[in-house]
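Below is one structure, written out as structure tokens; the observations come after it.
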Amino acid sequence: MATGRKIGVFICHCGGNISDYVDVKAVAAAVANEPGVVVSKNHMFTCSDAAQQEMIDDIEGLELDGLVIASCSPKLHMFTFRDMAERGGINKYQYVHVNLREQCSWAHTNDKVGATEKGIALVRAGIAKASLSVPLTALRVDTIPKVLVIGAGISGLRGALALSDMGLSVFIAEKEKEAGGTVKNWGRMAPDDQHGSAIVKSLLDEVKMRENIMLYTDAEMIEKSGYIGDFKVTLRVGGKEAVQLQVGAMLIATGFDSYEPQEGEFGFGLDGVVTLPQFRDFADHQEGELTYNGKPVKNVVFVYCVGSRQKKSEACPEPNQYCSRYCCNAGTHMAVCLEDRPGDLNQYHLYRDIRTYGHNETIYEEARTRGAVFMRYPDAEAPTVANTADGLVVTVKDKLMGGEEVEIQADLVVLITGMVPKKNPTLMNLLKLPISKDGFLNELHIKLRPVETVIDGVFLAGAAQSPKTMAESVGASLAAVSKAGGLLMKGYVDLEPLIARVDTDKCLWCDECLKACPYGAIEKINFGEKEVAFVVKSLCKGEGACVPICPHDALDIEGYTDQQITAMIDACSKEVVTA
Amino acid sequence: MKSKEPQPKILVFSTNSISDPGIDLAGSAHMHYSTEVQIIPLPCSSGVKPSWIVHAIKQGFDGVFIAGCGGDCSFLADCTPRTSALIKKAQDLMKENDISPKRLKMSGICSVCADNFVAHMNNFQKDLSKLEEK
């Protein structure tokens, strides 16, 4: 069948992410003779610069007018390849993205033959769609130059100031009655010894001075609608008053919760066994010698990795398998803080591995050289804490002394607890953001789109995404700010022109589409001798609710036309024969 | 060469911003479902034409599953009732074409509903197999 089209098909190995489970060469060979296909090739990584350049060379050399790339989910690289198509000289809406990884290879790692057959069918459907593609021009709409920051911890406050610096209006919604988040009451913090409380205070003072920042405390989101550039949000403030906001973007800076050990876990629940946050609550506010309940502390034992890097067991059916990153830094820094105090305090740090990456390594070194004792305990044999007649006794096997058992009498045992995802069911229900296996919010791509989410215009700012140090949280927040700023400072967003179109030959104006459209995007116009429907492009959202309603089949959504979908169904239902 | 016993073929209409990411998540987590499940993404489940469903069955699919946006639809607050109305229309059209309306299923699949999607595919295949036996 001659289509008159010149379509290029490129199948990605994705390293082995696709090619380990799908015979990508067989897929490329199977579709090489599809109508309109003039080139069908494989690339190890279609997203690499080199592969993109080769594809552009093919577009130009073969004068392609349609492009199909079968690779990862379109959520990751559709825009990469649309841009590439344009650089090669093809209209970007004549590019079709086939999801061969998330919806094929990764879902069928147990069936290479079946996955290959499915892959062929998916690519055929893509080719069918590309064969019927037409050039389109993006649609430009205005954005609301305001941002909602959810959470007034260190990430949210710093992010809000940066947005304000850009001239954007900012609303901050904080669930607690007091702004400042987890570190607002903390003292000296790693790595530069600034006090958490002082940092929060200076940020809050600055926020309060800004005319374009509005801070709501005791506030909870109860409704959310709209889309990138124009979200409508309702907050319940102070338990009653409903505040309506209209914003162009949102930053999620909801932070983390500290792991709460179970009763009996490393002696938790015994007098003198506390978590690091609980320890900070009293120790950070003491001057001079360290005391606990009024008594001087001579021996303190720190246990690392509490609530982190857990293995599944009967006692721990839902383990936190991840490393919480910040805890080794916080623990070794606390060691230095204690060495700075007067008195002859002995401190013992029981760890599995010390992960004081980067500059924090110097803090670990300082802690060791100044007298803090570090003992490495085996992964499978954690220290135990018991209450005896002589007080608390910690028993630990010292791995570096050949597993010798050591007993330490302790006045205080501090459990260095990790971070766990913030519990926030109402908000999570409204935002509907994907959650990772660890329970934290998921970014779109860990390397390439690290603060974006599947919901366009909603960005992740800080430890809501994964355990982070304060510096890392603020870094993530400012990355989210630059994404939101980049979006809103322009004043417009280019919306896809994948919207409704009217076939004026078929349309007999019956007003069914007008009634079906919630956006008022349909108008009646005179066209020659008759009246027909007209689509107001800036109002049409392209969801297609009018399409099946039309009794005359006169409506289509660009990119998803009746012809295209029918051809895709034909293509992917065709028998696949593989050797 | 088929890898296994023939299984019912399902065509899924997913939605770009809601159910398609949910289906992606199933893949990212390496949750297995049948390779006889093909997916065509659309902007919104309110835009599925009943004629596409009938066409798919006639072309050899055993069932059509509409993975709707459910209550999360970013376009329409009443996406679910609209999609349900379409299902009704499609079922009527299926009956006219001597196709069992049981070959069509719809459920809201949210952007994190990976388990849900896989369970739906497994159950729908079982239901379709029973339909073949009759």
Discussion item. So the check is Cβ under 7 Å with 6+ separation or different chains; which pairs have a first residue in the stretch A:446-461 that's more than 13 Å from chain B (Cβ to nearest Cβ) and a second one that's surrounded by 16 or more Cβ atoms within 10 Å (Cβ to Cβ) and of a type in the set (Lys, Arg)?
Written reply: A:Val451/A:Lys483; A:Phe459/A:Lys483
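Considering each residue of the stretch A:169-183, count those that are part of a loop (DSSP other than H, G, I, E, B) and either touching a residue at least 60 places away in the same chain (Cβ under 8 Å) or charged (D, E, K, R) (or both), and give that number. Even if it seems obvious, please write down each step before you answer.
To start, the set of residues in the stretch A:169-183 that are part of a loop (DSSP other than H, G, I, E, B) comprises A:174-181.
Next, only the ones that are either touching a residue at least 60 places away in the same chain (Cβ under 8 Å) or charged (D, E, K, R) (or both) stay: A:174-178, A:181.
Total meeting the criteria: 6.
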Item to complete: Give the residue that is farthest from A:Met568 (Cα to Cα), with candidates limited to residues of the stretch B:55-66 that are under 13 Å from the mean Cα position of the chain (by Cα) and within 7 Å of chain A (Cβ to nearest Cβ).
Response: B:Phe61
Worksheet, complete the sentence: Out of (1) more than 9 Å from chain A (Cβ to nearest Cβ); (2) over 12 Å from the mean Cα position of the chain (by Cα); (3) surrounded by fewer than 23 Cβ atoms within 10 Å (Cβ to Cβ); (4) farther than 18 Å from A:Ile549 by Cβ, the one B:Cys113 does not meet is (3)
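Looking at the stretch B:32-54, which of the residues that are facing another protein chain (nearest Cβ under 7 Å) and assigned to a loop (DSSP other than H, G, I, E, B) is surrounded by the most Cβ atoms within 10 Å (Cβ to Cβ)? Can you show your working first?
Initial filter on the stretch B:32-54 (facing another protein chain (nearest Cβ under 7 Å)): B:32-33, B:35, B:38-40, B:42-44, B:46-50, B:52.
Those still in the list that are assigned to a loop (DSSP other than H, G, I, E, B) too: B:32-33, B:35, B:43-44, B:48-49.
Details: B:His32: 17, B:Tyr33: 19, B:Thr35: 25, B:Pro43: 24, B:Cys44: 29, B:Val48: 26, B:Lys49: 26.
Of everything passing the filter in the stretch B:32-54, B:Cys44 is surrounded by the most Cβ atoms within 10 Å (Cβ to Cβ).
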Fill in: Every residue from the stretch B:1-15 that is farther than 16 Å from B:Leu86 by Cβ and more than 8 Å from chain A (Cβ to nearest Cβ)
B:Glu5, B:Pro6, B:Gln7, B:Pro8, B:Ile10
Worksheet entry | Residues located in the stretch A:5-37, provided they are of a type outside the set (Gly, Ala, Ser), without any contact (Cβ under 8 Å) to a residue 40 or more places away in the chain and out of contact with any helix residue (DSSP H, G or I) (no Cβ under 9 Å at 6 or more places or on another chain) | A:Lys25, A:Asn33
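Hey, could you check the stretch A:508-567 for residues that are among the aromatic types (Phe, Trp, Tyr) and within 18 Å of A:Pro497 (Cβ to Cβ) and say which is farthest from the other protein chains (Cβ to nearest Cβ)?
Looking only at the stretch A:508-567, we keep the residues that are among the aromatic types (Phe, Trp, Tyr), and these are A:509, A:519, A:527, A:534, A:560.
Filter once more, keeping what is within 18 Å of A:Pro497 (Cβ to Cβ): A:519, A:534, A:560.
Values: A:Tyr519: 9, A:Phe534: 19, A:Tyr560: 6 Å.
Top of the filtered list is A:Phe534.
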Practice prompt. Show the residue pairs that are 6+ apart or on different chains and have beta-carbon atoms under 7 Å apart, the first residue being within the stretch A:394-413 and part of a strand (DSSP E or B), the second being crowded, with 20+ Cβ neighbours inside 10 Å and among the aromatic types (Phe, Trp, Tyr).
Written response: A:Val396/A:Tyr377; A:Lys397/A:Tyr377; A:Ile408/A:Tyr348
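Among the residues of the stretch A:568-579 satisfying the criterion of being within 9 Å of another protein chain (Cβ to nearest Cβ) and either in a loop (DSSP other than H, G, I, E, B) or more than 39 Å from the chain's Cα centre (by Cα) (or both), which is farthest from A:Asp494 (Cα to Cα)?
Residues of the stretch A:568-579 within 9 Å of another protein chain (Cβ to nearest Cβ): A:568-570, A:572-575, A:577-579.
Subset that is either in a loop (DSSP other than H, G, I, E, B) or more than 39 Å from the chain's Cα centre (by Cα) (or both): A:574-575, A:577-579.
Details: A:Lys574: 37, A:Glu575: 40, A:Val577: 42, A:Thr578: 43, A:Ala579: 46 Å.
Only one residue fits best here, namely A:Ala579.
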Worksheet item: What pairs come up if the first residue lies in the stretch A:250-275 and is surrounded by fewer than 18 Cβ atoms within 10 Å (Cβ to Cβ), the second is among the charged types (D, E, K, R), and their beta carbons are under 6 Å apart, counting only those six or more places apart or on different chains?
Response: A:Asp257/A:Lys422; A:Gly269/A:Glu263
Worksheet item: If you go through the stretch B:95-105 one residue at a time, how many are among the hydrophobic types (A, V, I, L, M, F, W, C) and buried (at least 21 other Cβ atoms within 10 Å of the Cβ)?
Response: 1
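If you take just the helices (runs of 4 or more DSSP H) that sit entirely in the stretch A:1-114, which of them hold at least 2 residues that are among the β-branched types (Val, Ile, Thr), under 28 Å from B:Ile23 (Cα atoms) and outside the structural domain of A:Arg449 (by TED's automatic domain parsing)?
Details: elements: A:24-31, A:49-61, A:74-88.
Once the helices (runs of 4 or more DSSP H) in the stretch A:1-114 are filtered for at least 2 residues that are among the β-branched types (Val, Ile, Thr), under 28 Å from B:Ile23 (Cα atoms) and outside the structural domain of A:Arg449 (by TED's automatic domain parsing), what remains is A:24-31.
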Item to complete: Would you mind telling me which numbered condition in (1) aliphatic (A, V, I, L, M); (2) more than 10 Å from chain B (Cβ to nearest Cβ); (3) surrounded by 19 or more Cβ atoms within 10 Å (Cβ to Cβ); (4) out of contact with any helix residue (DSSP H, G or I) (no Cβ under 8 Å at 6 or more places or on another chain) A:Ile499 fails?
Response: (2)
Discussion item. If I ask for residues that are more than 7 Å from every other protein chain (Cβ to nearest Cβ) and either buried (at least 24 other Cβ atoms within 10 Å of the Cβ) or at pLDDT below 95 (or both), which ones from the stretch A:102-119 would you list?
Written reply: A:Cys104, A:Ser105, A:Thr116, A:Gly119
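So that you can scan it fast, the table gives a plain yes or no per residue for (1) under 30 Å from A:Arg309 (Cβ atoms); (2) modelled with pLDDT of 95 or more:
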residue: A:Ala461; (1), (2): yes, yes
residue: A:Lys468; (1), (2): yes, yes
residue: A:Val474; (1), (2): yes, yes
residue: A:Ser482; (1), (2): no, yes
residue: A:Gly486; (1), (2): no, yes
residue: A:Leu498; (1), (2): no, no
residue: A:Cys507; (1), (2): no, yes
residue: A:Cys517; (1), (2): no, no
residue: A:Glu523; (1), (2): no, no
Fill in: Residue count, the stretch A:145-168 (criterion: part of a loop (DSSP other than H, G, I, E, B) and more than 25 Å from A:Thr426 (Cα to Cα))
4
Item to complete: Please verify whether the stretch B:76-86 includes one or more residues that are buried (at least 20 other Cβ atoms within 10 Å of the Cβ) and either closer than 22 Å to A:Leu444 by Cβ or touching a strand residue (DSSP E or B) at 6+ places or on another chain (Cβ under 6 Å) (or both).
Response: yes
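Which residue is nearest to the other protein chains (Cβ to nearest Cβ), if the candidates are limited to the stretch A:417-437 and must be touching a Pro at 6+ places or on another chain (Cβ under 7 Å) and assigned to a loop (DSSP other than H, G, I, E, B)?
Step one: filter the stretch A:417-437 for residues touching a Pro at 6+ places or on another chain (Cβ under 7 Å), giving A:417-419, A:434.
Add one more test, that the residue is assigned to a loop (DSSP other than H, G, I, E, B), and what stays is A:418, A:434.
On the way: A:Gly418: 23, A:Pro434: 5 Å.
Result: A:Pro434.
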Response to the item:
Over the stretch B:70-91, the set of residues at pLDDT 85 or above, more than 9 Å from chain A (Cβ to nearest Cβ) and touching a helix residue (DSSP H, G or I) at 6+ places or on another chain (Cβ under 8 Å) is B:Thr80, B:Thr83, B:Gln91
Discussion item. Checking the condition at pLDDT below 95 and either closer than 21 Å to A:Lys574 by Cβ or not charged (D, E, K, R) (or both), which residue from A:Met44, A:Met1 passes?
Written reply: A:Met1
Worksheet, complete the sentence: Filtering the stretch B:63-98 for residues that are among the hydrophobic types (A, V, I, L, M, F, W, C) and more than 17 Å from A:Ile455 (Cβ to Cβ) leaves a count of 10
Item to complete: Just give me the residues in the stretch A:482-515 being farther than 25 Å from A:Ala138 by Cβ and in a helix (DSSP H, G or I), in sequence order.
Response: A:Glu512, A:Leu514, A:Lys515
Practice prompt. Restricting attention to the stretch B:16-31, report how many residues are within 7 Å of chain A (Cβ to nearest Cβ) and in contact with a strand residue (DSSP E or B) (Cβ under 8 Å, 6 or more places away or on another chain).
Written response: 2
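Give the stretch A:286-328 a look and list any residue that's among the aromatic types (Phe, Trp, Tyr) and within 20 Å of A:Val385 (Cα to Cα), or say none.
We begin by selecting, within the stretch A:286-328, every residue among the aromatic types (Phe, Trp, Tyr); these are A:292, A:302, A:304, A:322, A:326.
If the condition is that a residue be among the aromatic types (Phe, Trp, Tyr) and within 20 Å of A:Val385 (Cα to Cα), then A:Tyr292, A:Phe302, A:Tyr304 are the ones that fit.
Which one of A:Ala464, A:Ala484, A:Ala479 is of a type in the set (A, V, I, L, M) and surrounded by fewer than 23 Cβ atoms within 10 Å (Cβ to Cβ)? Talk me through it step by step, then tell me what you get.
Values: A:Ala464 fails: surrounded by fewer than 23 Cβ atoms within 10 Å (Cβ to Cβ); A:Ala484 fails: surrounded by fewer than 23 Cβ atoms within 10 Å (Cβ to Cβ).
On inspection, the qualifying residue turns out to be A:Ala479.
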Item to complete: Could you check, for the stretch B:55-70, whether at least one of its residues is of a type in the set (Gly, Ala, Ser), part of a loop (DSSP other than H, G, I, E, B) and under 19 Å from A:Gly559 (Cβ atoms)?
Response: no
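The values are calculated or read from the model by the stated rules, or taken from the named source; none is laboratory data. Since this is a predicted model, take the numbers as computed values, not measurements. Neighbour counts run over all protein chains shown; Cβ positions are idealised from the backbone, glycine included.
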